[in-house]
Amino acid sequence: MAHLWYFYKQLHQYAGPALYITLLVMGLMSLLEGFAVLLLIPLISTTGIIDFHIEGSVLSSIVTYLEKIPALLGGLPGILALYLILVFFQQLLSRRIQIHHAALQHGFFQHLRVKTYGALLKANWRFFRTHRNSDLIHILTAETARASAGTHSFLQLLSQFFFTLIQIGIAFWLSPSITVFLILSGAILLLFSRGFLKRSVALGSRNFTLGEEYLAGITDHINGMKDVKSNTLETSRLNWYKKVTNQMRSEQMEYTRLKSTSQMYYKIASSVLTVLLIFIALQLFQAQAAQLLLIIVIFSRLWPRVTSMQGAMEQIAAMLPAFKEVRSLTEKAEAAKEWETEQVPPALIINKEIRIEKVSFSYEGDKKALNEAAASFPVNQMTAVVGKSGAGKSTLIDLLLGLHRPQEGAILIDDKELTNESIPALRETISYVPQDPFLFHGSVKENMQLVRPEATEEDIWEALRFASAADFIANLPQGLDTMLGDRGIRLSGGERQRLVLARAVLRKTPILILDEATSSLDAENEYHIQRALENMRGRMTVIVIAHRLSTIRHADQVIVLEEGRIIQQGGYQKLAHETSGAFHHLLQKQQV
């Protein structure tokens, strides 16, 4: 119930007054339909088939007023015309409501997506380290769609509820005793429906789990298709796919069986109740034919709505697990928010250095990835960070980017401590080139303008030349307009790396960080990256995590990490000639 109430609050937050206007129009539609039923009284009276005058009854007083209508409207033609006019306006309202419902549903779908995705974008890096990418994608796509589909069922439920209330009110006015009997019968029916609702919730939860498993699996398979093919895993992967999709099909069929079974029970029950109504009304309540006719007409229109309400409740019950997961993810992401400011601040101006003082950091109780590390990164100089795998190099870079915060010690910018509030401004000063370069499915120009939308083609070519990437881009079939394919598959690894480096240069930030950007390059591409780094000397603050030590010969400073500690720090040549030092041993191993 708490999730349903939260769902309503979210819908209210999105729709505002429009939600209540919709409810008001629903009530008006129900009144029009009720009045259309009452018009049957003067219509039937004109035929003389049934006498609606019953001494001392409410119906008799209603008939007295309604029988004046034929005279006012000119007899039977006037009544029929009024009935058609009411139906016409009711259908106009119905059309408008359907369109408005669709607008609410799709608008709320967008609202959920934007709110959830916005919360994800503002979450800290630790949040993403503890969640599978495929799970996040699944909730952003499939589960938000399921949750928003519940909007239609929710509005449908409200619509049927208004109609039911008004029709019951009219029936109660005509015959309180018969109506009370039917209300009690309906309440018993709804009580038995709880089992169907619980099973719908359970099915919704299983569908969510299967959806997560499905998306995670196919994401891994497609990303690792080269491994799948090279290891002839096609058959095993297809068998897995058949198994999961068969489970999903079974769950969908189970829901269809559940829904059809509940509908069957309700329709049979409505027929039984109609028969009981006629028998009890005539035998116990001594109802007159006129009363009975109108109540049967009302409840023959009412039972399908009650059945529809039950179906809507089952759909909402099946939707609630999806909405619960969307809500849970949004709340977790909001709790992991990096900072409160909504506006991107101007870039920090760094005049002297970035310095770390006795910084320590560990991941979720593991041993320290950094242990009392202290170092300085002077402005407009190139600093290389080297060490064995697992030494703490990437952790150090993550701390400099503000992706993690020191658990001990501090990071200083020109002797001023870096705080959570100043991290956005720091990131505005940094361009980051990862080991695995990110390019999306678009043109060269679109990929470059990702970081600087206002950049001209001249700006782009200048950055490409600076990163030694202009020649191979010029040789592409459409130059800057060439489509690169998914993750830049059209280019070689070295070309992708140089293009991402050019994009970092285009951003025109004073600091450039390269995270093992040359570790998988051949000699030629490594040479081009070295040339690009040479172009940057004295113009930018460059921090390089280096796997190949040959790429950092011209570094102004080298920092050597081992098991989270900085064990050496100094110029390249100086450290290379310290024969007992770790850097000298690393050089010796790479020269063998």
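The numbers here are math on the coordinates, done by the rules we state, and not lab data. Everything numeric in this text was worked out from a predicted model, so none of it was measured. Using ideal geometry, Cβ is built from the backbone for each residue, glycine included, and neighbour counts are taken over all protein chains shown.
Within straight cross-link reach of Lys508, meaning Cα distance under 18 Å, which aspartates and glutamates are found once same-chain residues fewer than 8 apart are removed?
Result set, ordered by chain and number: Glu428, Glu446, Glu454, Glu457, Glu458, Asp459, Glu462, Glu534.
Please list 327-335, 139-147, 231-239 highest first by mean number of surrounding beta-carbon atoms within 10 Å per residue.
139-147, 327-335, 231-239
For the stretch 130-160, list residues with backbone N below 18 Å from a point placed 7 Å from the Cα of His441 toward its Cβ?
134, 137-138, 141-142
With just the Cα atoms defining each centre, how far is the stretch 7-26 from the stretch 201-224? Give it in Å.
Measuring centre to centre over Cα atoms gives 33 Å.
If we sort 149-161, 435-447 on the protection proxy, mean other Cβ atoms within 10 Å, highest first, what's the order?
Sorting 149-161, 435-447 by mean packing, highest first, produces 149-161, 435-447.
State the extension gain, in nm to one decimal, for the chain segment bounded by Ala102 and Tyr527, taking 0.36 nm per residue of separation less the distance between their alpha-carbons.
Taking Ala102 through Tyr527 to full extension adds about 147.2 nm, to one decimal.
Leu4 versus Phe128, label points 7 Å from Cα toward the beta carbon: distance in nm?
Using points 7 Å along Cα→Cβ, the separation is 3.9 nm.
If you average the C-alpha positions of the stretch 317-357 and of the stretch 169-188 separately, how far apart do those two centres end up, in angstrom?
Measuring centre to centre over Cα atoms gives 54 Å.
Measure up Lys122/Lys243; Lys115/Lys445; Lys352/Lys574; Lys122/Lys368 against 32 Å on the Cα-Cα distance and list the ones that go over.
Lys122/Lys243
Cross-link candidates for Lys259: which aspartates and glutamates have Cα within less than 14 Å, leaving aside residues fewer than 8 places away along the same chain?
Glu251, Glu314
Which peptide among 490-503, 84-97, 386-399, 111-124 comes first, and what is the full order, when sorted by highest mean count of other Cβ atoms within 10 Å?
Taking the mean over residues of other Cβ atoms within 10 Å, the ranking is 490-503, 386-399, 111-124, 84-97.
Roughly how far apart, in whole Å, are the Cα centres of the stretch 428-462 and the stretch 105-166?
Comparing the Cα centres of the stretch 428-462 and the stretch 105-166, I get a distance of 32 Å.
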